[in-house]
Each structure stands twice: as structure tokens, then as C-alpha cells.
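Chemist: The structure is given below, and queries will be raised subsequently.
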Amino acid sequence: DDEEEVHSLTRLVLRNYEFEGRGLELLSAYSGVAARKVLSDHPDIALILLDVVMEQEDSGLRLVHYIRGTLHNSNVRIILRTGQPGQAPEMEVVARYDINDYKAKTELTSQKLFTTVTSALRAWRDIQTIEHSRLGLEKVVAASGGLFEWQSRTQLARAVLRDLVVLAEPQQLAGRRDSGQQTVSGLVARRLDRPFSIVEGVGRYAGTDGRNLFEVVPDHTGLMVAQASRRGEGFFFNHSYVNCICADNGEQIIFLVQGTQGVGGVDSNLVH
């Protein structure tokens, strides 16, 4: 929006706003050109409150075309908020442009703005959930296609561990691991007639290959591993996941992934 007052009032109304326990970061752009720069710097924007008339009479509508057509961003919710409805008749704009809501500035009271923003963020959240689940399924499908290409159980176990770590790390799936740090740790270990020997570790367990699992993990985690070994099944505990796979020859393979607090719903089923 090209009016400073509109930005100020919006920030005032939404200053204490929270959605699912999280506040808002509000970014301002006063022209269509400036908005393109903001979108370039912040590709994960959830919601745009967009004026029609800025540096040009149709700057807002041009920006909608840019977002949907050039950036191919179908996730961000766009609410057209105009002070001149005559410049962009509602029925015509909604029919021609891929926007998610149309509001005249005069009708957006504090309560209406709260309701509109909440509805848009709920829709964005659901889109993100679906997208995350889709990416997780793609990882599983891609991995399953190569299961029978591996020449040994060790190689297969390593491949499964990497896929479990990917499923447990939503930011990695979304391509947004800004820090470059491994926030999920895990290991895979095997045993037949002796203690579990680590085949591969990632995160905090990197470099532990060949060591006794119970000498590496904390005591409480070791108890959970022993329980999974006895039960021959997998379960979640304390933001962690452990599973024991039993082969026909009596060999057991343990998978341990820690840092799974973001895993739930469809993803937890995929992990199992």
C-alpha cells in the first residue's frame, strides 16, 4: 500500500495478534516494485494485504500476476484491500485474478481484519501441511523404488536411516535449513549374537560407526532401545523414535532418530 497511514493502522490493530501461539512479522512495501523486492527476500511469506492503486492504477493487479505467474507462488494468500472499489470492481477482479479475498478498506474494521487474517492464515497452514506431507511421500516413494537395488542389509539400513532423518526434519523437506546445522540426529545398528554395533550415525552420533550402541546413547535412550528390541516394534518417546526390525535369521536392526518434535499426523505414519 502506498499510504503510510494504512501501514501504521494495520500494525496497530495486529500488534498483539497471535496465530496458534505465534506472533506476526509484518513487512511493508509502498509500491509494486518494492513488493517484488520483499517477495524476493522473503519467499516464505504467508499472507499479503494488497492495495490496487499504488504507483500505477493497476499496480496491485500486476503484482498478483507476477506472484502467481512469474514466481509460481500459489501458497501465499492474497487479500486485495482497496480504497477505490470503482477502480477494480469486485466481481471482475475475483473472476480474473487469483486472489483469495477482496475487501474495501472502509469495511475492514479491527474485528473484520482479525477475522480475515485468521481465516487466511488457517488456509495457508493447511496448504503447508499438505505440501509437507506430499514431499514426505515423494521421499518414501523415491526410496522404495531402490530398495531391491541394494546389495546388502547394511546398505539398505543406511538408506532407511537417511530417509527417516529427512522425514523428521520438516525444514530439510522444505529446503529451508538456513543454519546448515543438523537438527535431527540418528543411528542404525545391527546385532545377531552380540551387542548392537552402530552401522552409521548422523548428527550427534556422526563418527560412531562400529561402536557399541549402549556405550554411545544416554542411559534412558538405551532403555528404550532395549524395550524396542524385546518388543520387536517401533514407538515414539521424548521427541525420539526407535524401531527394531527382525530378520528371518534372528538378526535385529535398530533405527533411532532424535529430534522428532515436528513429526505428527501423516508423517508419523510414514515413519512407522
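The values are calculated or read from the model by the stated rules, or taken from the named source; none is laboratory data. For clarity, every value in this text was computed on a predicted model and none was experimentally measured. Don't worry about glycine lacking a Cβ; one is built from the backbone with ideal geometry, like all the others, and counts go over all protein chains shown. With ligands, DNA and RNA removed, areas are computed over all heavy atoms of the protein, side chains included. Shrake-Rupley method; radii C 1.70, N 1.55, O 1.52, S 1.80 Å.
Chemist: Which of the numbered conditions does N212 fail, given that it passes all the others? Conditions: (1) of a type outside the set (G, A, S); (2) at pLDDT 90 or above; (3) closer than 16 Å to G259 by Cβ.
Modeler: With (1) of a type outside the set (G, A, S); (2) at pLDDT 90 or above; (3) closer than 16 Å to G259 by Cβ applied to N212, the lone miss is (3).
Chemist: Restricting the search to segment 46-72, which residues are among the hydrophobic types (A, V, I, L, M, F, W, C) and assigned to a helix (DSSP H, G or I)? Spell out the reasoning first.
Modeler: Just the residues of segment 46-72 that are among the hydrophobic types (A, V, I, L, M, F, W, C), to begin with: 46-50, 52-54, 61, 63-64, 67, 71.
Within segment 46-72, L61, L63, V64, I67 qualify.
Chemist: Next question. Just checking, how many residues over segment 3-29 are farther than 19 Å from V76 by Cβ and among the aromatic types (F, W, Y)?
Modeler: The qualifying residues number 0.
Chemist: Same structure, new question: For segment 43-63, give me each residue that is open to solvent by less than 70 Å² (accessible area, probe 1.4 Å) and over 19 Å from L121 (Cβ atoms).
Modeler: D51, V52, V53, M54, D58, S59, G60, L61, L63
Chemist: Shifting gears a bit: So, of the residues in segment 25-42 that are outside any helix (DSSP H, G or I), out of contact with any helix residue (DSSP H, G or I) (no Cβ under 6 Å at 6 or more places or on another chain) and without any contact (Cβ under 8 Å) to a residue 24 or more places away in the chain, which turns out to be surrounded by the fewest Cβ atoms within 10 Å (Cβ to Cβ)?
Modeler: Applying the first criterion (outside any helix (DSSP H, G or I)) to segment 25-42 yields 25-31, 42.
Restricting the remaining residues to those that are out of contact with any helix residue (DSSP H, G or I) (no Cβ under 6 Å at 6 or more places or on another chain) gives 25, 30-31, 42.
Filter again for without any contact (Cβ under 8 Å) to a residue 24 or more places away in the chain, leaving 25, 42.
Details: E25: 8, H42: 11.
Here the answer is E25.
Chemist: Still on this structure, I have one more. Taking only segment 76-122 into account, find how many residues are part of a helix (DSSP H, G or I) and open to solvent by less than 20 Å² (accessible area, probe 1.4 Å). Steps first, please.
Modeler: Start the filter on segment 76-122 by keeping residues that are part of a helix (DSSP H, G or I), which leaves 85-87, 90-96, 105-107, 110-122.
Still in the running and open to solvent by less than 20 Å² (accessible area, probe 1.4 Å): 93, 113, 116-118, 120-121.
The number of residues fulfilling the criteria is 7.
Chemist: List pairs: first residue in segment 47-73 and farther than 24 Å from L113 by Cα, second residue open to solvent by less than 30 Å² (accessible area, probe 1.4 Å) and assigned to a helix (DSSP H, G or I) anywhere in the structure, Cβ distance under 7 angstrom, at least six positions apart or on different chains.
Modeler: The qualifying pairs are E55/G32; L71/L39.
Chemist: Since E20 meets every condition but one in (1) under 20 Å from D126 (Cα atoms); (2) surrounded by 15 or more Cβ atoms within 10 Å (Cβ to Cβ), which condition does it not meet?
Modeler: (2)
Chemist: Based on this model, can you work out whether D2 counts as open to solvent by 40 Å² or more (accessible area, probe 1.4 Å), in contact with a helix residue (DSSP H, G or I) (Cβ under 9 Å, 6 or more places away or on another chain), acidic (D, E) and more than 26 Å from E131 (Cα to Cα)? Explain how you work it out, then say what you get.
Modeler: Details: open to solvent by 40 Å² or more (accessible area, probe 1.4 Å): yes; in contact with a helix residue (DSSP H, G or I) (Cβ under 9 Å, 6 or more places away or on another chain): yes; acidic (D, E): yes; more than 26 Å from E131 (Cα to Cα): yes.
When the stated conditions are applied, D2 passes them.
Chemist: Just checking, how many residues over segment 220-242 are free of Cβ contacts under 8 Å to residues at least 40 places away in the same chain, open to solvent by less than 20 Å² (accessible area, probe 1.4 Å) and touching a Gly at 6+ places or on another chain (Cβ under 7 Å)?
Modeler: Going through segment 220-242 one residue at a time, the tally reaches 2.
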